[in-house]
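The values are calculated or read from the model by the stated rules, or taken from the named source; none is laboratory data. Everything numeric here is computed off the predicted structure, so don't read it as measured data. Don't worry about glycine lacking a Cβ; one is built from the backbone with ideal geometry, like all the others, and counts go over all protein chains shown. We work out accessible area using only protein heavy atoms, side chains counted, and drop any ligands, DNA or RNA first. Shrake-Rupley method; radii C 1.70, N 1.55, O 1.52, S 1.80 Å.
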Amino acid sequence: MLRTLLLASAGTLLTTSAALADCAFENELPLSSLSAGFEAWYAVTDAMAECGNFEAELDQEFRTKQPTGFAADPSLYHIGGVANGTLVPLLNDGTIRPLNDLVEQYGQQLTPNQLITIDGDIMAIAMMVNSQHLMYRQDIFDELGLEVPTTYDEMLQTAAAIQEAGVVDYPIGGTFRTGWNLAMEFINMYLGHGGQLFNADKTPSINNEAGVAALERMRALTEYMDPEYLGSDSTYVQQQFQQGDIAMAVLWASRAGAMDDPAESQVVDLVTMAAAPSAVEGAPPASTVWWDGIVIAENISDEEAAAAFQVAMEGMDAEMVQANNDAAIWLIDGYEPNRLSEGAIANLMGGTPPYPASTEMGLMHTALGDNLSDFLIGAESAEQALADAEEAYLTAARESGLVQ
Amino acid sequence: MKRSTFFAFVAPSVVLMLVFMAAPLVSVLIQSFYLTQNVFEEVTVESCTPGFPNPVCTEEIQSRRVLDENGIPVTETSFVGWETYRVLLQPEAVAEAFSVGGGGVSALLDIDFYKAARFTITFTLITLPFVIGVGLLIALAVNNAIRSLRGPVIFISLLPFIITPVIGALSIRWLFVGDGILTAALEGILNEDIAVFAHGWAFEILMMFYRVWHVAPFAFVIFYAGLQTVNQDTLESAIVDGASRFERLRYVIIPHLMPLIVFVALIHLMDAYRAFDEVIGFRSEAHRITLQWLTFNFLTPDDSGNRAISRASAASMLTMLGIVILLIPPLWRTWRDHRGR
């Protein structure tokens with residue numbers, strides 16, 4: 001009995017030291033991180049854990065925990081996983097530190113694309129990008145001899161042809177769930193129409209021609225969708241694809257890998273990625289670019305910050321990318337773009353704008369998500385729905401002190 | 001019991017109730033009259049984000065929170081009186097809706113608060129008789145079942161009550177969603193495409209059905225216990241007098257159960273008015289919202305970390321006020337009965 005125990009512990013020791021050997025930096029200080037819980041973050045935090053003394057918290061509700069966790073003194077977490085939007089509250093509260101010195105000392109291998117710079121200060125290190133782009137069923141398009149749509153008008157024509165052929169339940173899938181998702185769709189479409197969300201004084205400016213056009217276009221798309229589209233989020237659209245219910249959708253790049261997962265997908269190798277359609281001829285793809293990356297807390301000692309940064313660099317190195325190439329569209333050196341990343345790269349090449357994250361954008365996103373569905377269910381005109389969204393935004397912006 | 005002993009026994013619960021119920025309530029009440037705002041400054045910022053092949057750098061004017069010397073954001077709290085309630089209730093818009101040329105009821109229901117209140121009130125009042133009726137039916141059925149069957153029947157009828165509300169709502173949603181089992185079966189029979197959750201009324205009916213299914217077992221347990229104490233002599237003399245089954249129910253059993261019916265009604269009014277799980281489980285935000293969900297929505301931080309605490313406080317105070325108003329009739333009745341004795 002004793003012998004087995006000893007053997008077992010010797011075994012554990014061996015594996016630990018073997019794991020530690022994978023990490024060039026041996027970490028002595030206890031460190032922790034809080035990030036979202038999708039595949040890429042599992043890959044990165046697992047690689048960070050190889051340095052020892054590191055505890056990762058992966059939680060899809062991280063955005064509600066992060067601002068308070070980082071505001072504590074000392075901060076509850078050393079490393080934070082953020083995206084464009086979730087960086088804003090941390091920046092606003094001043095709870096993350098500039099990384100210029102650390103990058104200079106330990107971050108030589110980082111590419112300029114990874115440095116999220118605000119007024120000359122590097123505030124975050126990006127590791128991957130995400131973007132909504134077109135996914136379509138190659139086999140259906142080949143069979144019907146369809147061209148890949150590059151504008152939404154073409155997408156509607158293609159959808160009509162697919163519906164005519166009756167090969168799938170619904171030609172189009174869409175992340176139109178009321179709330180965050182629906183607002184995101186509108187923002188993509190509105191920016192694609194060349195719209196500006198705000199006036200110079202932070203008052204809203206969406207109730208205009210571009211806004212109405214964007215909404216009308218969205219309603220035209222819903223004609224080809226599952227009629228329950230207002231409850232359809234990314235996971236739902238992903239499943240519709242996997243089960244062969246839809247032929248095309250503008251969906252997040254991070255969902256592309258799931259199409260080829262034989263355990264849950266019936267359309268392995270049949271889904272092809274392309275740039276998101278443009279809202280008007282010649283405009284950039286009607287989508288936004290998002291990034292995910294890490295930040296380091298302000299309220300920790302400099303030694304801890306240095307250790308945390310080095311651990312994070314180990315987690316985001318080429319070795320990790322090679323082991324998890326398909327988990328994300330990595331910005332890290334060593335990433336091999338493949339079939340699944342074509343859409344996201346085409347989006348970037350086409351000049352898709354970054355998501356305009358800011359304090360007012362958070363309020364606008366909520367206001368849009370709460371008010372636009374009234375138009376889609378036919379309860380209101382487009383102008384009325386947009387006016388309601390403007391009103392909701394103004395109320396919230398006045399309450400937060402953003403607009404007087 | 002001596003007065004001092006009584007107080008010694010009651011004191012811990014009184015203290016706990018003050019700390020955990022009264023104090024938060026007062027603090028929410030106070031918060032609903034105050035508004036905490038951030039102080040912003042406008043700064044021109046050049047920010048760079050990933051692009052291909054080179055990063056995209058843009059220069060723009062951003063609103064940034066002002067930090068004090070300790071690096072903590074500066075906030076200003078001011079007394080605003082009824083302002084937050086006014087923002088929530090929008091009396092001007094209501095007046096306009098009902099003035100000449102206004103949009104009438106449909107314009108009123110376009111305002112989130114009234115939209116939520118409309119559904120919450122109908123939801124509460126329509127489910128109430130069903131909960132009491134179904135609960136009573138099950139109780140009578142079980143009471144008349146063969147003794148050996150009673151245990152299993154009670155167990156099975158209690159199951160819906162044990163299920164966590166969100167999960168229960170979700171499972172009903174899954175039955176009726178696009179390719180759910182029941183929808184697929186209906187589509188097979190009728191041979192046409194059915195989308196249950198594309199209609200507001202379908203949400204409304206299913207949400208009420210779910211609530212009755214979930215709460216009826218509670219009413220059943222209470223009524224079943226009550227049925228065990230019905231005076232058998234009275235029942236027998238009613239039979240001797242030639243009372244039919246229905247007359248015995250109407251003139252003996254229901255009067256006996258009346259205090260319990262009032263009790264179940266009270267509990268149900270309180271619970272149903274706070275309906276929340278149904279909205280989440282059914283994903284009905286586009287079609288039907290409740291007052292409690294409205295509060296939740298105000299409290300949920302967006303990506304940029306903004307929350308509407310004052311409006312959330314005002315909405316919860318209004319929700320509480322609504323419950324109190326709904327509870328007045330049954331409480332009045334209980335008080336009258338109590339005084340009558």
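What does the charge add up to near A:TYR152, with Lys and Arg as +1, Asp and Glu as -1, over the other residues with Cβ less than 11 Å from its Cβ? Charge balance near A:TYR152 sits at -3. For A:VAL271, the amide hydrogen comes within under 5 Å of the amide hydrogens of A:GLN138, counting only partners 5 or more places away or on other chains and with H modelled in the peptide plane. Summary: within chain B, the longest segment free of GluC sites (Glu not before Pro) located in DSSP loops with at most 10 other C-beta atoms within 10 Å is B:193-341.
Considering Cα pairs under 8 angstrom that are at least six residues apart, work out the relative contact order of chain A and quote it in whole percent. Worked out over chain A, it gives 25 percent.
Less than 11 Å Cβ to Cβ from A:GLN243, Lys/Arg counted +1 and Asp/Glu -1: what total charge do the surrounding residues give? Once positives and negatives cancel, what remains is -4.
Rg/Rh for the protein assembly as shown (Cα atoms only, Rh after Kirkwood) is 1.02.
If you add up the charges near A:GLU298, with Lys and Arg at +1 and Asp and Glu at -1, over every other residue whose beta carbon is less than 13 angstrom from its beta carbon, what do you get? Around A:GLU298, the charge tally is -4. Can you tell which of B:ARG65, B:ARG118, B:ARG211 shows the greatest fluctuation in a Gaussian network model of chain B with Cα springs below 10 Å? In the Gaussian network model the winner is B:ARG65.
Protein heavy-atom accessible surface, 1.4 Å probe, per residue over the stretch A:275-388: 31 Å². GNM on chain B, alpha-carbon springs under 10 angstrom: the most fluctuating residue among B:GLY151, B:GLY305, B:GLY71 is B:GLY71.
Can you work out the base-10 log of I(q)/I(0) for the stretch A:58-146 at q = 0.13, 0.25 1/Å, using the Debye formula on its C-alpha atoms alone? For the stretch A:58-146, the Cα-only Debye profile gives -0.56, -1.36. Solvent-accessible surface, computed for protein heavy atoms with a probe of 1.4 Å, shrinks by 30 Å² or more for the following residues of the stretch A:85-110 when the other protein chains are added to the isolated chain: A:PRO89, A:ASN92, A:ASP93. Panel note: contact residues of the stretch A:321-364 (accessible area lowered by at least 30 Å² against the chain on its own; 1.4 Å probe) correspond to A:LEU348, A:MET349, A:PRO354, A:THR359, A:GLY362.
How big is the B-A contact in terms of buried accessible area, both chains counted, 1.4 Å probe, rounded to the nearest 100 Å²?
For chain B against chain A, roughly 4500 Å² becomes buried.
Residues of the stretch A:374-404 buried by at least 50 Å² of accessible area upon assembly of all protein chains, compared with the chain on its own (1.4 Å probe): A:GLU399, A:SER400.
For the stretch A:238-319, which GluC sites (Glu not before Pro) are both in a DSSP coil and crowded by at most 13 other Cβ atoms within 10 Å?
Within the stretch A:238-319, the qualifying GluC sites (Glu not before Pro) (loop, at most 13 other Cβ atoms within 10 Å) are A:GLU264, A:GLU281.
Split the accessible area of the protein assembly as shown by element, probe 1.4 Å, and carbon with sulfur accounts for 60%. Projected onto planes of every orientation and averaged, the convex hull of the alpha-carbon atoms in the stretch B:223-271 covers 3.5 nm². Post the alpha-carbon centroid distance, the stretch A:81-98 to the stretch A:125-150, in whole angstrom. Using only Cα atoms, the two centres lie 32 Å from each other. Listed values for the stretch B:223-236 are Karplus-derived 3J(HN,Hα) couplings in whole Hz (6.51 cos²θ - 1.76 cosθ + 1.60, θ = phi - 60°), namely 5, 4, 4, x, 4, 5, 9, 5, 5, 5, 4, 4, 4, 5, and x replaces Gly and Pro. Taking the Cα centre of the stretch A:121-233 as reference, the dipole from Cβ charges on Lys and Arg (+1) and Asp and Glu (-1) amounts to some 440 debye. Heavy-atom accessible surface of B:LEU170, to the nearest 10 Å², is about 50 Å², with a 1.4 Å probe and all protein chains retained. Can you figure out the FRET efficiency of B:ILE328 with B:ALA145, using R₀ = 30 Å and their beta-carbon distance, to the nearest 0.05? Efficiency, from the Cβ-Cβ distance: 0.20.
For chain B, relative contact order (Cα pairs under 8 Å, six or more residues apart, normalised by length) works out to 21 percent. For the stretch B:222-311, the per residue solvent-accessible surface stands at 46 Å², with DNA, RNA and ligands left out and a 1.4 Å probe. For the residues B:TYR251, B:TYR224, a 1.4 Å probe over the protein chains yields an accessible-area ranking, largest first, of B:TYR251, B:TYR224. Using a Gaussian network model of chain A in which every pair of alpha carbons under 10 angstrom is joined by a spring, one finds that among A:GLU147, A:GLU216, A:GLU50 the greatest mean-square fluctuation is at A:GLU147.
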